[in-house]
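The values are calculated or read from the model by the stated rules, or taken from the named source; none is laboratory data. The shown structure was predicted, so the numbers you read here are calculated from the model rather than taken from an experiment. Here the Cβ positions follow ideal geometry from the backbone for every residue, glycine too, while neighbour counts run over all protein chains shown. SASA here: full protein model, heavy atoms, side chains in, ligands and nucleic acids out. Shrake-Rupley method; radii C 1.70, N 1.55, O 1.52, S 1.80 Å.
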Amino acid sequence: MTALVASDRTWFERDTTPAAIEAALRRLLVESRHGEHSGAIPARVLNLVTVVDRQWRGEIENRLERVGRYHASRTVLLAVEPRRTTIDARATVHVDAEPHPSGMTTAREHLVLDVGAEHVEHLATIVDPLVVTDLPTMLWAPHGHAEAIDELLPLAQVVLLDSVDEPDLEDALARARALARRAYVVDLAWLRSTPWRERIAGAFDPPAERARLATIAAVEVRHHPDSAVAGVLLLGWLCARLGWRPGALAARRDRALEGRARARRGEVRLVLRPAPEQPVRGLAGLTIETGDGTVLRLDRGEGGLRAERVTRRGGRRTWTVLGASRGEPGILGEGIRQALLRDPTYRPALDAAAEMVA
Amino acid sequence: MTAAAGGNPLVEGLERLPVGPTTLTIFGATGDLARRKLLPALYNLAHDGALPERFNLIGVSRGDESHDAYRAMAREAICRFSRRRPDPKVLDALLENVRYVAGTFGEAETYARLGELLAEFDEVDGVPLNRAFYLSTSPAFFPVIVEQLGAHGLARHDHAEVRVIIEKPFGTNGREARELNRRVLSVFEEPQVFRIDHYLGKETVQNVMAFRFANGLFEPIWNRNYIDRVEITAAEDVGIGTRAGYYDAAGALRDLVQNHLLQLLCLLCMEPPVRFQADEVRDEKVKVLRAITPPAPEHTVRARYTAGTEGGEDVPGYLEEEGVPPDSQTETYAALRLEVDNWRWNGVPFYLRTGKRLARKVTEIAITLKPVPHLAFEQAGSVGVQPNQLVYTVQPNEGVSLSLGAKIPGTRMAIRPVQMEFLYGTAFMSQSPEAYERLITDAMRGDATLFTRNDEVEAQWRVIDPILDAWAAGEPPLDTYEAGSQGPDTASRIMDPGDRWRAI
């Protein structure tokens, strides 16, 4: 859902400076408190610093606008244009039209700076005066710009990335691990697997089912052809949580990857299979086989995940695990929200995944 | 495995913990609460993927509906009252596993049919599903339903959990509450029973605990040495609407003080639990309730609203409301002065008040600190130094504010109070789930932390019963206040010298 905007106050200046931008923003905030929406209070949750290619700036702004209620309270969007030598800036204070049930409305600030490649190596000195002190700061560079992230990391606590954007599986995991050593990483590829992880945890949660965890013999994860990294992270999560030692995945003729992990009671076969029929990024399904021949299969379906359980004797049950698809805007919004949380299971899953693709 | 032996190692790091496969039965399935709150809450849980992986719903009510007619009613209620626009695919999938049993609650046949449906769901799903029975009926049916469930063997289920969720009010006095507990506990074990006080499901009420126990700043002053008095207010600007039948029998004291306001007082006064677990939290709350001496009649105020003006509109008095008997003696306003007689709180007055048709809607806890012992500044030319006040607002502007004395700019050392304010709405991106979403999930998971235990309910009534007895005997007399006002003038009668109510 796109947040409705009741009123925007905007300032724009060519060839400007961070000090002038910061002063203009302060003025806008004062005006917004004394104008039509005098009850508007600036939200103070999160700084989001985004570095993008200038030519794709509009697309990223659209994506950010569609995250529903999960807007950062202050967004600083840096659009890098190779030959630019000056900074142009636009500052906007958005007052949400949809008031809180109490009647209170919140305001959020959106800064867009067009900068040149030459600014990137000094980006921290440009951004530092523009973020709200004491709020957590999240960095996101959806078009790469690794050098900008490196430059800005000292200002930030959290890095948002989508490992799915990196076509090479090994490079994607290596980059995520390198960042995770320096900051808390929120990986959209990981968040794509959240409903699946919840359902696997739920399937084995009843005490009678829990014993079967130790007997898992094979796991197959099906994924959008571009989302192998989401699949391998899911396998990495199972390895890390269940104490399996993963081995390397090898390519099969059918373009799937297959490997084995050593569990306490024996080996577990791991398969990562592309699902070309899957229209959106993320996971398409998974199958878990346990030692007693029971097969649990989950696939995307109408209104949730389609679940099927088949026993060795051929007994078959199917049902729907209810849940709405979040869509890409929902995944990005969830990524922004996760800046305030800490998931201790991502890094062990990432490390295990890296072992599988090494 | 990295989890403790026997635990589920896959749940670590998940925001939503798994809920066992469940069939939920709602008694009173066509009633107002079911339509406005329970069904929309279930949809929102489904939308978020927070229902059990296998979930079925059975509605039980007197109306002679078919399964399809009930599904249609549920769809209409969800579309009308859900906090988000339903996704048709999720809604269809949810309603697919909805069934309906028509019958009166005292009739054996109703439970026989219910038992058949429950068994059918188990058969279809291939596992014994947990069963949760939600009693969303008139309180008169609570013992009837519970006993019928027991008589039909539905209070236990091999290899699965059975839970019963009981709506408020839990009795209308201590005797009834004890009797209801006795009858409920003759069928179910206490850990199977979840007594709802939906206030406890509100994020901001839970935040009272977070605020107290996650901030070292407050604990040193959280006692009689530094706190002068506490006011807990639950004011509503609306009248009784169409609830005259219920409200006239209950009144303000039973409707809000016995449960919600005493719960707020408990959260404010309790000692820190060792762990945030059901019985540890509830043990601490019960200790607070047991430390309260029921107030003498002169430390209570009761009143009802007369015609007045609310938001510029003329509104009728309570006796003129539709459905209210002309000789009603029911209070729409109640105020009490309580003391918590323990080491931490001895001598600190706790003022509780609630009312309908007051100046505005607000629920808050105001903690006034003792004044500074000596003041070196002159007070002339300013409103002067006021004691610090910490105000925890539960609704509508959820947040915390602290009043501090600050120097007025100028050449003189004149002081005035200023506000340091924190508003939840500006600090979190997430939308709070409805209280019922949280409570239904917790009950299906068997987590009773936010539910009221049997001894807790009885301890609440132990405080309230003597007030009800005194009021029934006409002590103090029923006062009146104008609709849209701050309440009756006599409300200040219960306050210690020098204390006065905060403006609503």
Inset, instruction - Select from the range A:322-346 the residues that are over 10 Å from A:Tyr70 (Cα atoms) and among the small types (Gly, Ala, Ser) and write down the one among them that is surrounded by the fewest Cβ atoms within 10 Å (Cβ to Cβ). - result: A:Gly327
Legend entry - Unmet requirement for B:Ala72, which otherwise passes all of (1) surrounded by fewer than 23 Cβ atoms within 10 Å (Cβ to Cβ); (2) assigned to a loop (DSSP other than H, G, I, E, B); (3) free of Cβ contacts under 8 Å to residues at least 12 places away in the same chain; (4) aliphatic (A, V, I, L, M): (2)
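Here's the yes/no breakdown for (1) open to solvent by 10 Å² or more (accessible area, probe 1.4 Å); (2) more than 30 Å from B:Phe422 (Cβ to Cβ); (3) in contact with a strand residue (DSSP E or B) (Cβ under 7 Å, 6 or more places away or on another chain):
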site: A:Arg74; (1), (2), (3): yes, no, yes
site: A:Glu81; (1), (2), (3): yes, yes, yes
site: A:Thr85; (1), (2), (3): yes, yes, yes
site: A:Leu113; (1), (2), (3): no, yes, yes
site: A:Glu118; (1), (2), (3): yes, yes, no
site: A:His145; (1), (2), (3): yes, yes, yes
site: A:Leu152; (1), (2), (3): no, no, yes
site: A:Gln157; (1), (2), (3): yes, no, yes
site: A:Leu160; (1), (2), (3): no, no, yes
Inset, instruction - Among the residues of the range B:163-213, count how many are aromatic (Phe, Trp, Tyr), buried (at least 21 other Cβ atoms within 10 Å of the Cβ) and in contact with a Pro (Cβ under 8 Å, 6 or more places away or on another chain). - result: 1
Inset, instruction - Six or more apart or on different chains, Cβ under 8 Å: which pairs go from a residue in the range A:329-357 that's among the basic types (Lys, Arg) to one that's open to solvent by less than 30 Å² (accessible area, probe 1.4 Å) and in a helix (DSSP H, G or I)? Could you list them? - result: A:Arg347/A:Ala180
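The rows are residues; the columns are (1) among the small types (Gly, Ala, Ser); (2) farther than 24 Å from A:Ser325 by Cβ; (3) in a helix (DSSP H, G or I).
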site	(1), (2), (3)
B:Thr30	no, yes, no
B:Arg83	no, no, no
B:Gly106	yes, yes, no
B:Ala119	yes, yes, yes
Inset, instruction - Taking B:Leu14 as meeting all but one of (1) part of a loop (DSSP other than H, G, I, E, B); (2) within 13 Å of chain A (Cβ to nearest Cβ); (3) open to solvent by 40 Å² or more (accessible area, probe 1.4 Å), write down the number of the exception. - result: (3)
Legend entry - Close pairs (6 angstrom Cβ cut-off, 6 or more residues apart or separate chains): in the same structural domain as A:Val132 (by TED's automatic domain parsing) in the range A:55-75, assigned to a helix (DSSP H, G or I) and modelled with pLDDT under 90 anywhere: A:Arg66/A:Pro329; A:Val67/A:Pro329
Legend entry - Meets criteria (surrounded by 23 or more Cβ atoms within 10 Å (Cβ to Cβ) and either without any contact (Cβ under 8 Å) to a residue 24 or more places away in the chain or touching a strand residue (DSSP E or B) at 6+ places or on another chain (Cβ under 6 Å) (or both)) for A:Leu135: no
Legend entry - Residues of the range B:76-105 classified as more than 25 Å from A:Arg69 (Cα to Cα), in contact (Cβ under 8 Å) with a residue 12 or more places away in the chain and over 27 Å from the mean Cα position of the chain (by Cα), total: 11
Inset, instruction - Taking only the range B:389-403 into account, find how many residues are polar (S, T, N, Q) and more than 10 Å from B:Gln419 (Cα to Cα). - result: 3
Legend entry - Restricting the range B:265-295 to residues that are without any contact (Cβ under 8 Å) to a residue 60 or more places away in the chain and among the aliphatic types (A, V, I, L, M), the residue that is farthest from B:Thr480 (Cα to Cα): B:Val274
Inset, instruction - Please tell me if A:Gly291 is within 12 Å of chain B (Cβ to nearest Cβ) and in contact (Cβ under 8 Å) with a residue 12 or more places away in the chain. - result: no
Inset, instruction - Please state which one of A:Ala275, A:Ala240, A:Ala248, A:Ala284 is within 11 Å of chain B (Cβ to nearest Cβ) and touching a residue at least 40 places away in the same chain (Cβ under 8 Å). - result: A:Ala240
Inset, instruction - Considering (1) over 30 Å from A:Glu59 (Cα atoms); (2) away from chain B (no Cβ under 12 Å); (3) modelled with pLDDT of 95 or more, say which one A:Leu296 fails and leave the rest. - result: (2)
Legend entry - Boolean, B:Asp64 is open to solvent by less than 20 Å² (accessible area, probe 1.4 Å) and modelled with pLDDT under 95: no
Legend entry - Test result for A:Gly291, over 24 Å from A:Arg253 (Cβ atoms) and open to solvent by less than 40 Å² (accessible area, probe 1.4 Å): no
Legend entry - Filter result for B:Leu402 (more than 14 Å from chain A (Cβ to nearest Cβ) and closer than 30 Å to A:His71 by Cβ): yes
Inset, instruction - Give the residues of the range B:121-158 that are within 14 Å of chain A (Cβ to nearest Cβ) and open to solvent by 50 Å² or more (accessible area, probe 1.4 Å), sorted by residue number. - result: B:Glu123, B:Val124, B:Pro128, B:Asp158
Inset, instruction - Return the residue satisfying two criteria in turn: it lies in the range A:56-70 and is more than 14 Å from the chain's Cα centre (by Cα) and within 14 Å of chain B (Cβ to nearest Cβ), and of such residues it is farthest from A:Arg26 (Cα to Cα). - result: A:Gly68
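Per-residue answers, yes or no, for (1) of a type in the set (Gly, Ala, Ser); (2) open to solvent by 40 Å² or more (accessible area, probe 1.4 Å); (3) part of a loop (DSSP other than H, G, I, E, B):
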residue	(1), (2), (3)
B:Val418	no, yes, no
B:Gln460	no, no, no
B:Pro476	no, no, yes
B:Tyr481	no, no, no
B:Ser492	yes, yes, no
B:Ile504	no, no, yes
